[in-house]
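What follows is a short report on a single structure.
Derivation of every value follows stated rules applied to the coordinates shown; laboratory data play no part. Every value quoted in this text rests on a predicted model; they were computed, and no experiment measured them. With ideal geometry, Cβ positions are generated from the backbone for all residues, glycine too; neighbour counts draw on all protein chains shown.
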2 protein chains.
Amino acid sequence: MAGRDKFGDCACFNLRRAARLVTQAYDQVLAPSKLKATQFTLLAVLAPAGKGIAISALAEKLGMDRTTLTRNLAVVERAGLVSLRPGEDPRTKLVSLTANGRKALEEAVPLWREAQSEAIDRLGDEWGDFLKMTRRIAAI
Amino acid sequence: MAGRDKFGDCACFNLRRAARLVTQAYDQVLAPSKLKATQFTLLAVLAPAGKGIAISALAEKLGMDRTTLTRNLAVVERAGLVSLRPGEDPRTKLVSLTANGRKALEEAVPLWREAQSEAIDRLGDEWGDFLKMTRRIAAI
DNA sequence: AATATATAAGTGTATATACACCTATAGAGA
DNA sequence: TCTCTATAGGTGTATATACACTTATATATT
């Protein structure tokens, strides 16, 4: 049974491994900002949102399970970087950046730029394909 | 400051999102086997290893932090799928499949094949590029 | 042999992830 | 209005991830 099944070609394994390694690289560069990659992404997505965005809508935008987002939000809320308040529909909660959150993001952006440049450089010609492919996967 | 920085192009975000979605797809297909994608990978890598492999060597092979592997091994060990015994160098621990582990793997392989086929179909022409790219990232 | 260094592995802690299940409220239909 | 259903969100539980730190043992140096 072994031989024809090349587990080393597993799409899931290869993708997860790549994600692990890239996350470690970003986390290392972002370390001085005290933000992890996931948290940076969260703040960055919230920055343009004027009066806040509902949790489910945010989860959709991030391609993230809603309950995962709930836990991730708890971390940045505890750190005072985002605030949650009820929307007009009292079932909803609107997430928005606090002043501290905005400041933390601004301080982290140069570090992110650095990590991002490094990633783009490493991928070289394949950078465009990389973006297209990861987005195609997300378009399921 | 916003505008030139396209956070939606973040390599880390795009990669993590893709990994989340693909993992969910694999986990769903693998569900009848009771194995999660990570556990399947673990068993699959161990299958050819004759008399066992040391934890650090296995972590290296998987591109995974050693301490992460320790926790992941605890899960499959508790389930009776792998066993750990000291190597010749008493500092090392050799990991190997149990009979139950081998059986669980064999039962899961057809499900994995299904998930893998689906992934390959979805990526179409880009499948080769996908593998090359994720491996290139791992080659850092 | 005694000490210093390097290597293998585990633990404490914290974040990230998601399924199954639960609660609360809005909106539709009788 | 009352009930049914759909939607928004949280909680319990479990796995996945990794850094900082610790323990134990092998190997090298003196």
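Peptides B:6-15, A:111-120, A:82-91 ranked from most to least packed give B:6-15, A:111-120, A:82-91, packing being the mean of other C-beta atoms within 10 angstrom over each peptide's residues. Centroid-to-centroid, using Cα positions, region A:1-78 and region B:15-36 are 15 Å apart.
Rounded to the nearest 500, the 222 nm mean residue ellipticity of chain B from helices alone is -20500 deg cm²/dmol, with -39,500 (n - 2.57) taken per DSSP H run of at least 4 residues.
Taking the label point 7 Å along Cα→Cβ, residue A:89 and its counterparts in the other copies are spaced 6.0 nm apart, in ascending order. Computed as a quarter of the hull surface, the mean projected area of the alpha carbon convex hull for region B:1-44 stands at 3.9 nm². Projecting 7 Å from Cα along the Cα-to-Cβ direction, the label point of residue A:135 sits 2.7 nm from its equivalents in the other copies, listed shortest first. Think of chain B as a dipole: +1 on every Lys or Arg Cβ, -1 on every Asp or Glu Cβ, centred on the Cα centre; then among B:22, B:139, B:52, B:52 lies furthest on the positive end. Fewest-first ordering of B:92, A:70 by other beta carbons within 10 Å of each residue's beta carbon gives A:70, B:92. Listed by chain and number, the lysines whose C-alpha is less than 22 Å from the C-alpha of residue B:34, apart from same-chain residues fewer than 8 away, are A:6, B:103.
Rounded to the nearest 20, the Cβ-based charge dipole of chain B about its Cα centre (Lys and Arg +1, Asp and Glu -1) stands at 440 debye. Over all Cα atoms in region B:36-122, the spread is summed up by Rg and Dmax: 13.5, 47 Å. Shortest first, residue B:100 label-point distances to identical copies amount to 4.8 nm, with the label point at 7 Å from Cα along Cα→Cβ. Computed 3J(HN,Hα) for region B:85-97, one whole-Hz value per residue from the Karplus formula 6.51 cos²θ - 1.76 cosθ + 1.60 where θ = phi - 60°, is 9, x, x, 4, 6, x, 6, 8, 10, 9, 9, 8, 6, glycine and proline marked x.
Could you work out the percent of alpha carbon pairs in the protein assembly as shown separated by over 23 Å, rounded to a whole number? The answer is 59 percent, as a whole percent. Tell me, what is the FRET efficiency for residue A:31 and residue B:100 to the nearest 0.05, using R0 = 45 angstrom and their Cβ-Cβ distance as r? Computed FRET efficiency for residue A:31 and residue B:100 comes out at 0.60.
Summarising the strand pairing of the protein assembly as shown, around 90 percent of its internal DSSP beta bridges are antiparallel.
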